[in-house]
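The values are calculated or read from the model by the stated rules, or taken from the named source; none is laboratory data. If you're wondering where the values come from, they're calculated on a predicted model, not measured in any experiment. Ideal geometry is used to build each Cβ from the backbone, glycine not excepted, and the neighbour counts take in all protein chains shown.
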Amino acid sequence: MLLNKFDSAEYRRALGCFATGVAVVTALDSAGEKIGITVNSFNSVSLNPPLVLWSIGEESLSYTAFVEAQYFAVNVLATHQREVCERFASSGENKFQNLECDEGIERIPLLPEYSAVFECRTEHCYDGGDHKIIVGRVLSFEDRKTDPLIFYRGHFLKSPSSPQVSP
């Protein structure tokens, strides 16, 4: 259906029909402090060279830190990590409090119990409307072969093999 007037709420609902995985991107800011943000805008770009992308909104409190970061990690969340997703989607408090993180390349924080992780060096940042699109070269990765957390139409799915929606 084509709309004469663009309705951003309808547009957002339509985008929600595309099921996505959920990840937390982590890095260090210019002072060496851990930063992290929940994203569902993660994609593979290229296998050779190994490139991935994600995007961050200009209104994000950590926007400048992520745009300036030379290294970052994409922590793909596992089905049981809904609380981690919500923690890193919020703003303000210390998101890393009481989290036992490992250190990756250049000391970037790696979350515990992820489904997969991709450690990256920033290759490019592109303007994308009200977001920056960050392309990273994958330097290291791990797949723990666990089911990922899936988000669809505003809800989390219980697991990829069980299409029931959780509240």
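Would you point out which residue out of Ala23, Ala27, Ala9, Ala31 is within 20 Å of Phe118 (Cα to Cα) and without any contact (Cβ under 8 Å) to a residue 60 or more places away in the chain?
Exactly one residue qualifies, and that residue is Ala23.
Looking at Leu110, is it out of contact with any Ser or Thr (no Cβ under 9 Å at 6 or more places or on another chain) and hydrophobic (A, V, I, L, M, F, W, C)?
Taking the combined requirement at face value, the residue does not satisfy it.
From the list Gly92, Gly36, Gly128, which one is in contact with a Ser or Thr (Cβ under 9 Å, 6 or more places away or on another chain) and at pLDDT below 95? So that I can check it myself, show each step before the final result.
Values: Gly92 fails: in contact with a Ser or Thr (Cβ under 9 Å, 6 or more places away or on another chain); Gly36 fails: at pLDDT below 95.
None of the other options fit; the residue is Gly128.
Which of the residues belonging to the range 1-32 are modelled with pLDDT of 85 or more, within 18 Å of the chain's Cα centre (by Cα) and either under 19 Å from Phe66 (Cα atoms) or not hydroxyl-bearing (Ser, Thr, Tyr) (or both)?
Listed by number, the residues that qualify are Gly21, Val22, Ala23, Val24, Val25, Thr26, Ala27, Leu28, Asp29.
The rows are residues; the columns are (1) in contact with a Gly (Cβ under 6 Å, 6 or more places away or on another chain); (2) charged (D, E, K, R); (3) surrounded by fewer than 17 Cβ atoms within 10 Å (Cβ to Cβ); (4) within 20 Å of Pro109 (Cβ to Cβ).
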residue: Glu10; (1), (2), (3), (4): no, yes, yes, no
residue: Asp29; (1), (2), (3), (4): no, yes, yes, yes
residue: Gly36; (1), (2), (3), (4): no, no, no, yes
residue: Ser46; (1), (2), (3), (4): no, no, yes, no
residue: Val52; (1), (2), (3), (4): yes, no, no, yes
residue: Leu61; (1), (2), (3), (4): no, no, yes, yes
residue: Ala65; (1), (2), (3), (4): no, no, no, yes
residue: Glu93; (1), (2), (3), (4): no, yes, yes, yes
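Pairs please, first residue from the range 118-143 and of a type in the set (Val, Ile, Thr), second anywhere and not in a strand (DSSP E or B), Cβ atoms under 8 Å, 6+ apart in sequence or on different chains.
Qualifying pairs under 8 Å: Thr122/Ala69; Thr122/Gln70; Ile134/Phe66; Ile134/Val67; Val138/Pro50.
Please verify whether His80 is assigned to a strand (DSSP E or B) and either on the phi < 0 side of the Ramachandran plot or at pLDDT 95 or above (or both), treating the condition exactly as stated.
Working: assigned to a strand (DSSP E or B): no; either on the phi < 0 side of the Ramachandran plot or at pLDDT 95 or above (or both): yes.
For His80, the condition - assigned to a strand (DSSP E or B) and either on the phi < 0 side of the Ramachandran plot or at pLDDT 95 or above (or both) - is not met.
For Phe66, work out the one condition from (1) assigned to a helix (DSSP H, G or I); (2) touching a Ser or Thr at 6+ places or on another chain (Cβ under 6 Å) it doesn't fulfil.
Among (1) assigned to a helix (DSSP H, G or I); (2) touching a Ser or Thr at 6+ places or on another chain (Cβ under 6 Å), the lone unmet condition for Phe66 is (2).
Please give the strands (runs of 3 or more DSSP E) falling wholly within the range 99-162 in which 2 or more residues are exposed (fewer than 14 other Cβ atoms within 10 Å of the Cβ).
Hits in the range 99-162: 116-128, 131-143.
Has the range 75-83 got at least one residue that is within 16 Å of Val138 (Cα to Cα), touching a helix residue (DSSP H, G or I) at 6+ places or on another chain (Cβ under 8 Å) and surrounded by 14 or more Cβ atoms within 10 Å (Cβ to Cβ)?
Among the residues of the range 75-83, not one is within 16 Å of Val138 (Cα to Cα), touching a helix residue (DSSP H, G or I) at 6+ places or on another chain (Cβ under 8 Å) and surrounded by 14 or more Cβ atoms within 10 Å (Cβ to Cβ), which makes the answer no.
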